[in-house]
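For reference, the structure is listed below as structure tokens.
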2 protein chains.
Amino acid sequence: MPGGLLTDLYELNMAASYMRRSMTGTATFSCVLAADGAQLVDFAFRRTQGIDASLAVARASAIAGFAATSNVAAARRYGLTAAGTMAHSFIEAFEDEQQAFAAFAEDFPGKTTFLVDTYDTGRGVRAAIEVARRLRLPGPVGVRLDSGDLAELARLARTLLDGAGLRDARIFASGGLDEYAIARLAFSGAPIDAYGVGTKMGVSADAPYLDSAYKLVAYAGRPVMKLSAGKTSAPGAKQVYRRPGGDVLALREEPPLPGHEALLLPVMRDGRPLAAPEPLAAIQRRCHADLAALPPAARALHDAEPVPVRISEQLKSLRDRAARDIMRRTADRTAGT
Amino acid sequence: MPGGLLTDLYELNMAASYMRRSMTGTATFSCVLAADGAQLVDFAFRRTQGIDASLAVARASAIAGFAATSNVAAARRYGLTAAGTMAHSFIEAFEDEQQAFAAFAEDFPGKTTFLVDTYDTGRGVRAAIEVARRLRLPGPVGVRLDSGDLAELARLARTLLDGAGLRDARIFASGGLDEYAIARLAFSGAPIDAYGVGTKMGVSADAPYLDSAYKLVAYAGRPVMKLSAGKTSAPGAKQVYRRPGGDVLALREEPPLPGHEALLLPVMRDGRPLAAPEPLAAIQRRCHADLAALPPAARALHDAEPVPVRISEQLKSLRDRAARDIMRRTADRTAGT
């Protein structure tokens, strides 16, 4: 167990680092839980911090259960469904909305979602109905609401669409949404079939940085730790054991805990990965199984209850011994000054 | 003035987009204002969102007036001063702090800053004093405080250092600082000579995304705009005129406003930059002159007063005319359904 710098690099200081997000841990999963069965589309690309981040968000949202992404490069790379509607600037480039909608529908007749809020949402929905009728579009149309009171406008749009006989037309909502806004809309019973989520998922707006740090836990076979005020670390290489009731943080040298799953596995050895990358579908399945295994109180969007983490007796005793050793050595030296 | 998509790409929707930061606009300038003359060092690299962001933060902090950066690549690229102290893991890799400090001082005898909070800050300062005396270090030493009550520990460190005759020893503070924490420390009169600022400057934690968007303002010579609820845009290509009393947002086709400076300048034409990049020193001078020209109330860290922005009469009248045109056209069409 003598840990050098590299072998212990994945020892995060578990006490100091946690996300402020709900216990599901990620914005993507929180959105899926909030949407309560409605479809979700990743719209984050234009606001993510760099191209790589946009690919990571598209992949993470697919794992969580998003139906599609507006990021075409990510869709190609990961085999996801690409989806998008139209920009306000597209509408504005035409004399009026009907001309814009008709031009778009002629190019994409099978899967047409009209952006209806550029000028006035009620009139926009009527223009979409008129174009759908006039062009006799083959597939179901959709309308996208991107501003205003989305719940109220969704009800208005549903009434207008149903009144025109377009009962299979879908209502799509977007515009600065996060999991909390989605949960409110879903709870209100607004007739929204799908949500586009962008900025607040792509940049993790409520947790803009992960306050993790490298902590040395052992050096040349000797367990080490920090005692800094408010930043005390725990010595020794760790293992995390999980069972439905909660996790146990133990020393890696302890015998495995019966009935628990060991969460830390070696993934690299001598600079080489130990297994081929998993297919996305396998990751999706495992993530959803993990989520289902969480206690319901830990999955709540508001005031989620943390899953309890117990510290093993051996780790507690090593921590106390190492702290005493450090204080003794430091005291010896300063006594001599 | 007929604007195609690309020529208007720099027309940000000024009404919708602003930063929540103080009116100085950036975390780097806010830190400089807060530090009230103390030195600042950029420590953001380990938390920035990617390598490019770390270089941008180092450059921006140098423009604002930071004395140094811990980012060696940025220091090389932009000709900045590189500075750093030591990691907690370095201290922990030795049997005790004095051994660690002595090993570090032997490698960097001219400019030694000891990290004193790994175990107990008071004992750490005493260990630093002991090593500085024993090795008779040529340059002034420094101590870095990275946890606990920084104001109180700075006073303790100052007392201990002065008592040992090390009156020119510098006290350096770090640990999750932002401009507000720096302002509190500076206002409290804590004897801190320099601050290291990292995460909260490098990721802009209180403004994790810039809610800017592309808005079409003209197409094929016709001024266009959005009327979406809460997201109305202003038509036509703009110019921003500045004078000390405030800014004026005007149409680009209007005659220049006497006594004002036009802020938007062409920087590219036919895909080529129109001027060589400015040297960093010139950018620094202009930024500090701009900052000095702001009204004091706009430079406040808390409850800063926005600089007033006036809309020109011609822009107001174009906006009203364009909105009427759109409503008329939309009404004509839906009247026919």
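Before moving on, here are some points about what is shown:
- Sorted peptide list for B:186-193, A:272-279, criterion being average Cβ within 10 angstrom, highest first: B:186-193, A:272-279
- Of A:G202, A:A34, B:I311, farthest towards positive along the dipole that unit charges on Lys, Arg, Asp, Glu beta carbons give the protein assembly as shown: A:G202
- For the stretch A:233-337, the set of GluC sites (Glu not before Pro) satisfying both a DSSP loop assignment and a count of at most 16 other C-beta atoms within 10 Å is given as A:E253.
- For the stretch B:27-202, the calculated P(r), taken from all Cα-Cα distances in 5 Å bins from zero up to the bin holding the longest distance, is 1, 9, 18, 20, 20, 16, 11, 4, 0 percent.
- Point-to-point label distance, A:V240-A:A331, nm (Cα→Cβ direction, 7 Å offset): 3.5
- Dipole magnitude for the stretch B:27-202: computed about the Cα centre from +1 point charges on Lys and Arg Cβ and -1 point charges on Asp and Glu Cβ, it is near 440 debye.
- The orientation-averaged projection of the convex hull spanning the C-alpha atoms of the stretch A:193-337 amounts to 14.2 square nanometres.
- For B:L177, A:L156, B:L280, order by how many other beta-carbon atoms lie within 10 Å, fewest first: B:L280, A:L156, B:L177
- Translational diffusion of the protein assembly as shown, estimated by Stokes-Einstein from the Kirkwood radius over alpha carbon pairs at 25 °C in a medium of 0.890 mPa s, is 84 µm² per second.
- Residue by residue, the stretch A:302-310 carries 3J(HN,Hα) couplings of 10, 6, 5, 8, x, 5, x, 10, 9 Hz when phi is fed to the Karplus relation 6.51 cos²θ - 1.76 cosθ + 1.60 (θ = phi - 60°); x denotes Gly or Pro.
- Farthest positive-ward along the protein assembly as shown dipole, Cα basis, beta-carbon charges - from B:A190, B:L249, B:Q98: B:Q98
- Cross-link partners of A:K316 among lysines, defined as those whose alpha carbon lies under 30 angstrom from its own and excluding same-chain residues fewer than eight positions apart: A:K215, A:K226, A:K231, A:K238.
- Sum of -39500 (n - 2.57) over DSSP H runs of 4+, divided by residues of the protein assembly as shown (222 nm, nearest 500): -11500 deg cm²/dmol
- Label-to-label distance for A:L263 and B:E313 is 6.8 nm, based on points extended 7 Å past Cα in the beta-carbon direction.
- The stretch B:196-246 versus the stretch B:72-113: alpha-carbon centroid distance in Å: 43
- Based on alpha-carbon atoms, the Kirkwood radius and the radius of gyration of chain A give Rg/Rh equal to 1.12.
- Cut-off 12 Å between beta-carbons: net charge of the residues surrounding B:R184, Lys and Arg +1, Asp and Glu -1: -4
- For the stretch B:157-164, 3J(HN,Hα) per residue [Karplus equation, 6.51 cos²θ - 1.76 cosθ + 1.60, θ = phi - 60°, Hz, x = Gly/Pro]: 4, 4, 4, 5, 5, 4, x, 8
- Checking every one of the trypsin sites (Lys or Arg not before Pro) in the stretch A:161-205 against DSSP loop status and a limit of 14 other Cβ atoms within 10 Å picks out A:R167.
- Reach of B:K200 by Cα under 14 Å, taken over aspartates and glutamates that are not fewer than 8 positions away in the same chain: A:D206, A:D211, B:D42, B:D178, B:E179
- Only beta bridges with both residues in the protein assembly as shown are counted; by DSSP, about 40 percent of them are antiparallel.
- For A:I326, B:I311, B:I91, order by how many other beta-carbon atoms lie within 10 Å, fewest first: B:I311, A:I326, B:I91
- Among B:V197, A:V267, B:V203, B:V125, the order by Cβ neighbours within 10 angstrom, fewest to most, reads A:V267, B:V203, B:V125, B:V197.
- Assuming charge only on the beta carbon of Lys and Arg (+1) and of Asp and Glu (-1), the dipole of chain B about its Cα centre is about 1320 debye to the nearest 20.
- Under 5 Å from the amide H of A:L115 lie the amide H atoms of A:M86, A:R144, each residue being 5 or more positions distant or on a separate chain, with H modelled from the backbone and absent for Pro and chain starts.
- In plain terms, the chain from B:E253 to B:L274 could stretch by 5.4 nm, reckoned as 0.36 nm per residue minus the Cα-Cα distance.
- Per-pair calculated FRET efficiency, R0 = 35 Å: A:R184 and A:A73 via Cβ, rounded to 0.05: 0.60
Laboratory data are not the source of any read-out in this text; all were calculated from the coordinates shown. Computed from a predicted structure; not experimentally measured. Cβ sites come from the backbone with ideal geometry, for glycine too, and all protein chains shown count toward neighbours.
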